[in-house]
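J.: Right, I'll just put the structure down here and ask away after.
The values are calculated or read from the model by the stated rules, or taken from the named source; none is laboratory data. Every value quoted in this text rests on a predicted model; they were computed, and no experiment measured them. For neighbour counting, all protein chains shown are included, and Cβ atoms are generated from backbone atoms with ideal geometry for every residue, glycine included. The area values use the complete protein model at the heavy-atom level, side chains included, leaving out ligands, DNA and RNA. Shrake-Rupley method; radii C 1.70, N 1.55, O 1.52, S 1.80 Å.
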Amino acid sequence: MPALDYFREVLETAQRAEELKTGSRPVVGTMCNFVPEALIIAAGAVPVRICAGDHSAALEGEALVPRDICPVCKSTVGTLQRPGGPHGRLDLLVVPAVCDAKKKLPQVLEGQAPVHVMELPVDKQGQGAERRWLDQVRLLAERLEKLTGQRITRQGLRGAIDLINARQNAYRELLALRQENPPRLSGLEALLLANASFTDDVARWTHHARALASERQSAPAPAPGPRLVVTGAPLIYPNLRLVELIESLGAHVVADEMCSGSERLYVPIIPQEWNLPEMLLAVAETALLPTTCPCFSRHDDRLTRIGELVDAYSADGVVYHNLRLCALYQFEATAVRDALAARSVPMLELQTDYTPEDTEQMHTRVQAFLEMLEARAPVPG
Amino acid sequence: MKPRKVTLVRRLVQLAFFILLLYGAFIFPHPLEAPIPSIEPGTPRTSQYPRDRILWVSGKECVIDMYLPVLACRFIAQGGTFKSCSLHVLSENITWKTSIKLLLPHLAFLAVLSFLFARMWCGWACPLGAMQDAMGWIRRQFGAGPWHLAQGWDRFFRVLRHVLLWLSLAISALITLPLFGRTGVNDALFLIYCQLCPSRLVYPPLGGVNPCWTDFTNGITTTLTFLGWFCLGVFALGFMVPRLWCRFCAVGALLSYFNRGGLVTLEKQAGKCTSCGTCRRVCPVEVQRVYRDRTNPIVTDTQCTLCGRCVESCPEEGCLSMCLAGRSIVES
Ligand code: SF4
Ligand code: SF4
Ligand code: SF4
């Protein structure tokens, strides 16, 4: 069985949901990467990221939340209404107040599970931001301890950090395959992996990612094509059609800057010392500081990151993905375009919703963009 | 997590320097109890000081008649391998009014060493620095967390050590004025920085020599005795705050002038930086610059001891590097 099938199984079958439901450990849902998974694991619970990408669930969600909010929130709400969703069960839901929708969502979701809200600094590098965020992480730790009845100990947190770091290392190994030309891991595959990590057991995911990496070391290379970086609003399974489309047209998505993709699997947690306060600080800072989410008032880190991805992965162009009704990502598109123009890297800005209706139009625009790239510089190889 | 290779090498270098500087005089033969060389006729002369004064606890000559820009202290038992630290040689010769001709080779040597390695001396060679690192290791064995200095204190100490440095040099010059000389004050204020420095109290016992713990001769010596104990207390607090003394140390302050513009530099490719904050967290002296600076390629802070901890810990390949004359020696 090819190593990739494992990740497809996690996403497509109800196996993992069943496992979570019958498992002895409480399941803690998170609504984005700001919630430190290491802390949840250390408290003896299972972290599950519940952000959803399902179109029909988004329609169902409209019964509870306004129509004019982003499809991620609607779909997540809709998914939670369904009996036996992909998470099996939820013992606690942790929602960082990232945007307007996520500020209001907690009360709507109170019926599904107890909800814990985390307040996020507006400027992550601002005065006192780190201290306030550390307080939030401490509060979360207390809440988790109450939920599981298990204290977060030094050994527990260290073990959890090691687990997360092993996962990040395994993913970095896979990223090296994408730096090759042509890449031996496709953008779609990378996104499947990242999305599978939403719900999957961390150690098992890591094991299979390692297997995939070693399998690909000896795999034949695909045909060369234009190399693209995808950035922007999260593409969440099963809504991966943008990347599918790009790669079906012969281009390679060699890197992504998305919270549902590489971003969540990239930065390791490195404390100064292995004692509880220092580890907690490292966990908190790692969740906050390197995050390039547009919810912060400044976008400098995001521009740096995208620029570095273009360089490190020798990309020919960038595709900027907007989700309808997500103002935050739309806001930053201009800055990203300007920064890329300064390096003469072309950018295609696309806006999608979860509805499949716009696929045709997307197809035309991506194709035109690829033709433009090919006209600019013939792809070597 | 990446292996801490730089730190491993550094520990070995620190240990070697510790043994060399503190016990070199026991290992290598050298003229013991040689008469203190008469430097120049003038005011005041070392021979005018009674030998049982705090300043002459070990009172023996060293193996190599040279000075180092770190705490290669004069008060090391048996005289030590090197003669003393840079601040000792500056202070005493300012007071002695040694002719610049005699001093120049020593000053040039010190300047070259400082320029070559700047505060790398602190991170890699200073025995007092090594001892503070060892104290931190002991603390970690007890699972106690390090205490962090509030940023306000950190900023205050950054100024304070320069004040300490220039004040002690100024006092060394002032005590030669007849006004003070005649009152005998100069005696008590001679080598004022040494009278405060924890090395003077910490090193002699390591060689089995009793340092002068107290000197209650007059008001000044009594005050300095208490101040010296205070500084020893600061050094001891290094158990909890990593390298706390190094934030006061005037020898480190002197070296820090070479940290920017010296031969060894800490460089950062800001494009590769994810702002993860690791470099700031792992830094023993809580340097912010490496993390915050996103414009300058050279990010060596004046506080930085060039220990390389941030370089070896940064998860981004090629983002941080330690360079010698612009050529990278170690990279993240
Ligand atoms: S600052 Fe002073 S005590 Fe600290 S390592 Fe440097 S010379 Fe030694
Ligand atoms: S450790 Fe490296 S990547 Fe992280 S903030 Fe420091 S320089 Fe940047
Ligand atoms: S900035 Fe880096 S090299 Fe300098 S003292 Fe801190 S950790 Fe060591």
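J.: State yes or no: is A:I306 touching a residue at least 60 places away in the same chain (Cβ under 8 Å), within 11 Å of chain B (Cβ to nearest Cβ) and part of a loop (DSSP other than H, G, I, E, B)? If you could, list the steps in order and put the result at the bottom.
T.: On the way: touching a residue at least 60 places away in the same chain (Cβ under 8 Å): yes; within 11 Å of chain B (Cβ to nearest Cβ): yes; part of a loop (DSSP other than H, G, I, E, B): no.
No: the conditions fail for A:I306.
J.: Here's another thing I want to ask about it. For region B:63-99, which positions are under 16 Å from B:I192 (Cα atoms), part of a helix (DSSP H, G or I) and not aliphatic (A, V, I, L, M)?
T.: Within region B:63-99, B:S86, B:H88, B:S91, B:E92, B:N93, B:T95, B:W96 meet the criteria.
J.: Another question about this same structure. Testing A:D301 on (1) within 9 Å of another protein chain (Cβ to nearest Cβ); (2) in contact with a helix residue (DSSP H, G or I) (Cβ under 8 Å, 6 or more places away or on another chain); (3) open to solvent by 10 Å² or more (accessible area, probe 1.4 Å), one condition comes back false. Which one is that?
T.: Going through (1) within 9 Å of another protein chain (Cβ to nearest Cβ); (2) in contact with a helix residue (DSSP H, G or I) (Cβ under 8 Å, 6 or more places away or on another chain); (3) open to solvent by 10 Å² or more (accessible area, probe 1.4 Å) one by one, A:D301 breaks only (2).
J.: Let me ask something else. Condition first: away from ligand 2 (no atom under 13 Å from the Cβ) and crowded, with 19+ Cβ neighbours inside 10 Å. Now tell me which residues in region B:287-300 satisfy that.
T.: If the condition is that a residue be away from ligand 2 (no atom under 13 Å from the Cβ) and crowded, with 19+ Cβ neighbours inside 10 Å, then B:T300 is the only one that fits.
J.: Just checking, how many residues over region B:260-303 are more than 17 Å from B:S332 (Cα to Cα), of a type in the set (A, V, I, L, M, F, W, C) and away from chain A (no Cβ under 13 Å)?
T.: Looking only at that region, the number is 1.
J.: Considering only residues that are closer than 15 Å to B:C249 by Cβ, open to solvent by 30 Å² or more (accessible area, probe 1.4 Å) and among the aliphatic types (A, V, I, L, M), which ones fall in region B:150-165?
T.: B:V159, B:L160, B:V163, B:L164
Residue-wise test of (1) without any contact (Cβ under 8 Å) to a residue 24 or more places away in the chain; (2) away from ligand 1 (no atom under 16 Å from the Cβ).
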| residue | (1), (2) |
| --- | --- |
| B:G219 | yes, yes |
| B:V241 | no, no |
| B:D293 | no, yes |
| B:C307 | no, no |
| B:C319 | no, yes |
| B:M322 | no, yes |
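J.: What are the residues in region B:304-332 that are more than 10 Å from chain A (Cβ to nearest Cβ), farther than 16 Å from B:M120 by Cα and near ligand 2 (Cβ under 9 Å from one of its atoms), if any?
T.: Scanning region B:304-332 gives B:L320, B:S332.
J.: Going through A:A63, A:A113, A:A129, A:A58 one at a time, which residue ends up being open to solvent by 30 Å² or more (accessible area, probe 1.4 Å) and among the hydrophobic types (A, V, I, L, M, F, W, C)?
T.: Numbers: A:A113 fails: open to solvent by 30 Å² or more (accessible area, probe 1.4 Å); A:A129 fails: open to solvent by 30 Å² or more (accessible area, probe 1.4 Å); A:A58 fails: open to solvent by 30 Å² or more (accessible area, probe 1.4 Å).
The conditions single out A:A63.
J.: Looking only at residues that are in contact (Cβ under 8 Å) with a residue 40 or more places away in the chain and in contact with a helix residue (DSSP H, G or I) (Cβ under 7 Å, 6 or more places away or on another chain) in region A:288-298, which one is farthest from the other protein chains (Cβ to nearest Cβ)? Working first, answer last.
T.: First pass over region A:288-298, keeping only residues in contact (Cβ under 8 Å) with a residue 40 or more places away in the chain: A:288-289, A:291, A:293, A:295-298.
After this cut, where a residue has to be in contact with a helix residue (DSSP H, G or I) (Cβ under 7 Å, 6 or more places away or on another chain) as well, the list is A:288, A:295.
Details: A:L288: 8, A:C295: 15 Å.
This residue is A:C295.
J.: Which is closer than 30 Å to A:L325 by Cβ, open to solvent by less than 40 Å² (accessible area, probe 1.4 Å) and not polar (S, T, N, Q), of A:V108, A:V46, A:V28?
T.: A:V28
J.: Something else about it: Among the residues of region A:1-34, write down those that are of a type in the set (V, I, T) and farther than 15 Å from A:A45 by Cα. Don't jump to the end; show me each part of the working.
T.: First pass over region A:1-34, keeping only residues of a type in the set (V, I, T): A:10, A:13, A:22, A:27-28, A:30.
If the condition is that a residue be of a type in the set (V, I, T) and farther than 15 Å from A:A45 by Cα, then A:V10, A:T13 are the ones that fit.
Let's see how each residue does on (1) away from chain A (no Cβ under 14 Å); (2) closer than 22 Å to B:T300 by Cβ; (3) in contact with a His (Cβ under 6 Å, 6 or more places away or on another chain); (4) away from ligand 2 (no atom under 16 Å from the Cβ):
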residue: B:S84; (1), (2), (3), (4): yes, no, no, yes
residue: B:L90; (1), (2), (3), (4): yes, no, no, yes
residue: B:T98; (1), (2), (3), (4): yes, no, no, yes
residue: B:F109; (1), (2), (3), (4): yes, no, no, yes
residue: B:L116; (1), (2), (3), (4): yes, yes, no, yes
residue: B:C122; (1), (2), (3), (4): yes, yes, no, yes
residue: B:A125; (1), (2), (3), (4): yes, yes, no, yes
residue: B:M131; (1), (2), (3), (4): yes, no, no, yes
residue: B:M135; (1), (2), (3), (4): no, no, no, yes
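J.: Quick check: is even one residue across region B:280-289 more than 12 Å from ligand 3 (Cβ to nearest atom) and modelled with pLDDT of 95 or more?
T.: Filtering region B:280-289 for residues more than 12 Å from ligand 3 (Cβ to nearest atom) gives none.
No, the conditions are met nowhere in region B:280-289.
J.: So for region A:240-248 (the condition being small (G, A, S) and within 13 Å of chain B (Cβ to nearest Cβ)), does at least one residue qualify? Let's see the steps before the verdict.
T.: Here is the first cut: in region A:240-248, the ones small (G, A, S) are A:248.
With within 13 Å of chain B (Cβ to nearest Cβ) added as a condition, the list becomes none.
No; the residues of region A:240-248 include none that is small (G, A, S) and within 13 Å of chain B (Cβ to nearest Cβ).
J.: While we're looking at this one, here's another question. Considering only helices (runs of 4 or more DSSP H) fully contained in region A:123-236, which possess at least 3 residues that are closer than 28 Å to A:A327 by Cβ? Working first, answer last.
T.: Details: elements: A:129-148, A:154-179, A:187-196, A:202-217.
So the answer is A:129-148, A:187-196.
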